[in-house]
Every structure is written in structure tokens, then in C-alpha cells.
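The values are calculated or read from the model by the stated rules, or taken from the named source; none is laboratory data. Computed from a predicted structure; not experimentally measured. For neighbour counting, all protein chains shown are included, and Cβ atoms are generated from backbone atoms with ideal geometry for every residue, glycine included. For the accessible areas, the whole protein counts, side chains as well, though only heavy atoms, and no ligand, DNA or RNA atoms are used. Shrake-Rupley method; radii C 1.70, N 1.55, O 1.52, S 1.80 Å.
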Amino acid sequence: MMGVTLVLTAGLAAGLLVTDKKESAGLVTEIRRNDYGGGSAVHSLQVTIDGKEQEDSLEINVEEKRYTKEEINRVFDQALKKLEPAMLGKNISLDEVRSDLNLVTEIPGEPVEVSWELDRYDLMTIYGELNEEELEEEPEGALVNLKAYLTYTEDESMQVLEKMSARVYPPKLSGTERQAAQVKRAIAEEEERSREEDVLKLPGEVDGRKIELRNPDNPRGWYVLILGPVICLLLVSLQKQNEQKEKEARERQMMLDYPEIMNKLTLLIGAGMTVKKAWVKIVQDYEKQKDRLGIRYAYEEMAAACREMQSGVAEIESYERFGRRCGMNAYRKLASLLEQNLRKGTKGLTALLGTESEQAFEERKASAKRRGEEAGTKLLAPMFFMLAMVLVIVIIPAFLSIQT
């Protein structure tokens, strides 16, 4: 990872150094302006007068390219072509306007600003929004004259006036929508009339039609009803996930303790103890150190087997149950060795336990190595992210300086 980082940064640095060297070596005789809308740019140049290089660099501000008068006229013509389609909104034409107009303040893609004047502000706002209440009194439509002032953004003295007219009508409503509008208007009139009163009394009749107003149904009960099973499913999933994590942690701890248990059994049996006495001795030592070491699942299972033997369960059956409770191949193998010892005698048991102990230690080392590799793999993602951030921080200013 470090090697890749060094190679990438070295290659980038070399490219930038070569580019910067070429730029600084050549004479600058002209500076290209930014295109229309690109804004001004500041260029820093080193000045040499009569072969003597000046200490301070020269800052030159270069404005963007401007349109000629002929180009500005073409810009206005192009903007006027785009103006009406942009302002229509949902309407088909200005001959029949039944929804809000979009009185734009700029033309997309053109360096032109637009300002508006209207002769009927009672029917339409400066933003093109229709006053539906006033239009209800104009069922045949009303003419609204509009003036659009198009101004070139770089020179406010360059301006074009475009006059247009729009015939506005009340919005087309279905029977249900018209009735709802009448109810809304009646409520608005009553609200205006009773502002000095404590409560607003809602009308029970509009235009001879009886109306009833109720609070809308609130669906939150259904949401809670659906949310309950979802939460239960999530809790069950969380419980299974926690159980799986606990199982993995238990197995990991038991595998860590397995070489130590095998080594203790090998030493105690090799010193002349029987398997049962060695087993009891290991459990007693664990009980003494339990407060300091905490709960160790493998030793707890050994203690359970010891209690079974003390309560009258056969020794061979206790070892068999121990292997089943642990549920791991290593401990089932240990239980099998101890069962064979009781059936066939102690000959060769110490050697078998010694071999198994060595294998257990090798497996523990291999497991520790795998966990280390997994931890390193998990760190790759944040390391690559940090590398990307560093490269962005270095590259973007470098390329911006090259472009300017």
C-alpha cells in the first residue's frame, strides 16, 4: 500500500514539475481570455527587465471576452425567441391563459436579464401568478399587457423592450372543483368578516346546497398497526444476529483456551494423575481464578462435566456429554480420546495428548495470523479513501493553477 502511494505521488509530482518547468521557461506573449460567461481570471507572471528578474511577480486581471454590437443584437434576437416558450408554463399560448405564467428573470443559456411591467396587477402578479378571485368576475377573459425589458448583463445600457399581451381567463374547473372553490370562497369571506370574534363559524350551506365539514381520517393507526409486525421482525432478526455473534465469540474463546487445556491435561497425566483427577484439578484451579479471569466457556463446560461425575453420572458419559455441549470438532476429539482411554487403558494417552496439544498451538497461531490479515483487509477501505482525499487535495489545486 505504501509502495503504491509513493509511486503514484512521485509520478504526479514528476508530471507537475515537468509541466511547470516548460511553462516557466517559455515567454508569455499573449493570454487567452475566458469565453462568454467564464468570468475574469488573474494571471501571475514573472517580469524580467533588461535581463534583470524582478523580485515581485506581476498580477494581471484579464476580463472575459465580450460580445460585439452585432453579436449582442444576435443574442437579443435569440433571447426573444426563447422568451415566450419559457414564460407560458402550462398554457398553450398567450391567447388563452388559464394557469400561472412563468415570468422569468433570465433566459437560459443567454447573458440576458429580464424585468417585467404589467397594466393589470389586480389580475396577475409580477411573478405571473393569477388572481383567481378577480378572474371569476371576468368569465369572458381580460387582456393583460406586459412589457419585458431585456438587458445585457455586462452593460445595462444595452436594453431591448418587448411588448406582448395575454388574455387571461378563470381556470377551467370540473363540477366538483367548482363546488369546492365556492365552499373555500365562502369560508374565506366568513373568516374575513369574523376576525374580531373568538371562533370561526363554518357555513352549513353554500348556494342553497347543504355542506358538511369533518376532520379527515387520520391513517396513523394503520401505520402503527403495520409498524408493530415490522418491529417484531426486526427484533427477531436482531436477536438472531446477537445470538450468532455470541456463538462466534464463544467458539473463538473456546478455541483460544483449547491449547492451554490440552497442555494442562498432558502435564498432569504425565505427572501420574488419572484423567479424572487431572480434570478435577484443572476445574479447581479455574474456580480459584474465575474472579480475575472472568467466565471462560470451555472451563465452565469442564466444571459442568465434573459436577455430573460427582452426582453419579458415569465418567465416560460425562466426557461424551462434554464434547456434545461444546459442539466443536476439537473438543469432540478430546472427549473421544478420553473415552478411548477409559475403554482401552492409559497406554499412549500422554503421547496422543501431547501431539494434539502441539497441533492445537499451531492452529491457534494460524488462527491469529488469519485474524490479523482480516483486520488488515478491513483497514484497506479507509486507507484507500484517505489516499483518494489526499490525491484530490493535491491534484485539484495543481490542475487549476495549470489552467489559469
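Is it the case, given these coordinates, that residue 117 is assigned to a helix (DSSP H, G or I) and open to solvent by 50 Å² or more (accessible area, probe 1.4 Å)? So residue 117 fails the test. In a residue-by-residue description of segment 178-189, the property of being of a type in the set (Gly, Ala, Ser), open to solvent by less than 50 Å² (accessible area, probe 1.4 Å), outside any helix (DSSP H, G or I) and at pLDDT below 80 applies to no position. Scanning segment 122-153 for residues that are open to solvent by 70 Å² or more (accessible area, probe 1.4 Å) and at pLDDT 80 or above turns up 127, 129, 143, 147. So in segment 100-132, with the set limited to residues that are among the small types (Gly, Ala, Ser) and over 15 Å from residue 89 (Cβ atoms), which one is nearest to the chain's Cα centre (by Cα)? Among those residues, the one meeting the criterion is 109. In segment 263-277, the residue that is surrounded by the most Cβ atoms within 10 Å (Cβ to Cβ) out of those that are in a helix (DSSP H, G or I) and among the aliphatic types (A, V, I, L, M) is 265.
Contact annotation: residue pairs with Cβ atoms under 8 Å, 6 or more positions apart or on different chains, pairing a residue in segment 359-382 that is farther than 23 Å from residue 258 by Cα and in a helix (DSSP H, G or I) with a partner that is modelled with pLDDT under 70 and open to solvent by less than 90 Å² (accessible area, probe 1.4 Å), are 380/1. Considering segment 88-109, and only residues there that are in contact (Cβ under 8 Å) with a residue 12 or more places away in the chain and of a type in the set (D, E, K, R), the residue that is surrounded by the fewest Cβ atoms within 10 Å (Cβ to Cβ) turns out to be 95. Annotation: of all residues in segment 70-121 being modelled with pLDDT of 85 or more and in contact with a helix residue (DSSP H, G or I) (Cβ under 8 Å, 6 or more places away or on another chain), the one that is farthest from residue 140 (Cα to Cα) is 114. The helices (runs of 4 or more DSSP H) located wholly in segment 278-353 that include 3 or more residues which are within 15 Å of residue 258 (Cα to Cα) and open to solvent by 50 Å² or more (accessible area, probe 1.4 Å) occupy 329-344.
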